[in-house]
Amino acid sequence: MSEILNKLSGQGVAIWLDDISRERLRSGNLEQLIREKNVVGVTSNPTIFANALSKGDAYDAQLHDLAVRGVDVGEAVRAITTYDIRWAADVLRPVYDASGGVDGRVSLEVDPRLARESEKTVAEARSLWWMVDRPNLFIKIPATLEGLPAITQALSEGISVNVTLIFSLERYRAVMDAWLAGLEAAQAKGLNLATIESVASFFVSRVDTEIDKRLDKLGKPELKGKAGVANARLAYAAFEDVMNSERWQRLRSAGARPQRPLWASTGVKNPEYSDTLYVDQLVAPGTVNTMPEKTLDSTADHANITGDTVRPFYEQAWNTMAALKEAGVDYDDVVKVLEDEGVEKFEASWNELLESVTKNLVP
């Protein structure tokens, strides 16, 4: 095991892998990463599944059987994705049991084409929860305005939720409010709050990518590469505010557990930056960092884990955001563009997945 990864885990950061594939599962690679790289969870998304299906022959037998049965492409995609998620959930079950249900989780996203439709998102969440039928599942629901009531409803029914595509601090606060409302509704129904887990996936690198482009146009290169970390640090400050609220304390006393901040999009996109930037600079207790395998390997090899790199830097983060505003960066426009792009990219990947499955549904 990597001493660096042990140190990161020791700081209260759960290391999750941002990838899944049938080949990774059948080769035993996921089990190896759990043993050797401190991986305690897995996230997936439509892009990851589209990539997995485009490589190798791991899906050929199932695709053949689905074709022989004459299923439509939508049912085929669900059969393929839920098969992988169940398998990964079973591989991670010992981690789930050992952590008391906190980690050992696997995330499966609702159809991204439903991101602007609350009722359909809830129906999809219920269906996926039933199809996978594993207690260590997370249903991923986008943090669009229409996603917020879906988050509340799913949680109120005992469905554990990974809220995804969070970019703005304002929306993150709304996500936490939706989460609390869901737990309160679940409590009113008499559900066991200790079994309802949630994480909130706050995206990091995409913020830098978008703001850096704007800084280049504004002639302010000295501010590049700072926004993503600053934004995430202030998200953690917002999380702490909620953890200190009377509303949360009442739920906590009833057995509820925190909705952990999850740092997503932590693969560094600008080669000029350290390839472990979004790991080194976002170490805080009670968080999750979901990493592409390349970032995981880089972290294990040479990340600089020095302790808490979030809470001591709140003032610096506020100063960074103020400097960006003064430079002419429109934060509200940035996060709107990123949310719209995020939904569009996942829709495009979903359509790519549908097209790939359609081509392979040949008996």
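The values are calculated or read from the model by the stated rules, or taken from the named source; none is laboratory data. Model, not experiment: these values are computed from the prediction. Backbone-built Cβ (ideal geometry, glycine too); neighbour counts: all protein chains shown. Remember, those area values only see protein heavy atoms, side chains included, never the ligands or the DNA or RNA. Shrake-Rupley method; radii C 1.70, N 1.55, O 1.52, S 1.80 Å.
From the list Leu223, Leu165, which residue is modelled with pLDDT of 95 or more and surrounded by fewer than 20 Cβ atoms within 10 Å (Cβ to Cβ)?
Leu223
Could we say that Asn38 is under 21 Å from the mean Cα position of the chain (by Cα), of a type in the set (S, T, N, Q) and open to solvent by less than 30 Å² (accessible area, probe 1.4 Å) here?
So Asn38 passes the test.
Would the range 188-197 turn up any residue that is part of a helix (DSSP H, G or I) and basic (Lys, Arg)?
Scanning the range 188-197, I find no residue that is part of a helix (DSSP H, G or I) and basic (Lys, Arg), so the answer is no.
Checking the conditions here, which among Val343, Val242, Val288 is in contact (Cβ under 8 Å) with a residue 60 or more places away in the chain, within 18 Å of the chain's Cα centre (by Cα) and surrounded by fewer than 21 Cβ atoms within 10 Å (Cβ to Cβ)?
Result of the check over Val343, Val242, Val288: Val343.
Take the conditions part of a helix (DSSP H, G or I), open to solvent by less than 10 Å² (accessible area, probe 1.4 Å) and either β-branched (Val, Ile, Thr) or out of contact with any Pro (no Cβ under 8 Å at 6 or more places or on another chain) (or both) and apply them to Leu234. Does it pass?
Considered against the rule, which asks whether it is part of a helix (DSSP H, G or I), open to solvent by less than 10 Å² (accessible area, probe 1.4 Å) and either β-branched (Val, Ile, Thr) or out of contact with any Pro (no Cβ under 8 Å at 6 or more places or on another chain) (or both), Leu234 comes out as yes.
Among the residues of the range 176-204, count how many are in contact (Cβ under 8 Å) with a residue 40 or more places away in the chain and not acidic (Asp, Glu).
Selection size over the range 176-204: 17.
Taking helices (runs of 4 or more DSSP H) that do not extend beyond the range 43-158, which have at least 1 residues that are closer than 21 Å to Val288 by Cα and open to solvent by less than 30 Å² (accessible area, probe 1.4 Å)?
Fully inside the range 43-158 and qualifying: 46-53, 73-98, 147-156.
For the range 312-334, give me the residue count where each residue is in contact with a Lys or Arg (Cβ under 7 Å, 6 or more places away or on another chain) and either open to solvent by 60 Å² or more (accessible area, probe 1.4 Å) or farther than 15 Å from Leu215 by Cβ (or both).
Number of matching residues: 3.
Going by the conditions given, is Val95 in contact with an Asp or Glu (Cβ under 6 Å, 6 or more places away or on another chain), touching a residue at least 40 places away in the same chain (Cβ under 8 Å), of a type in the set (A, V, I, L, M) and farther than 23 Å from Ser349 by Cα?
yes
So the check is Cβ under 8 Å with 6+ separation or different chains; which pairs have a first residue in the range 352-363 that's within 17 Å of Asp65 (Cα to Cα) and a second one that's surrounded by 13 or more Cβ atoms within 10 Å (Cβ to Cβ) and small (Gly, Ala, Ser)?
Every condition considered, the pairs that remain are Ser356/Ala50; Val357/Ala76; Asn360/Ala67; Leu361/Ala67; Leu361/Ala76; Val362/Ala67; Pro363/Ala67.
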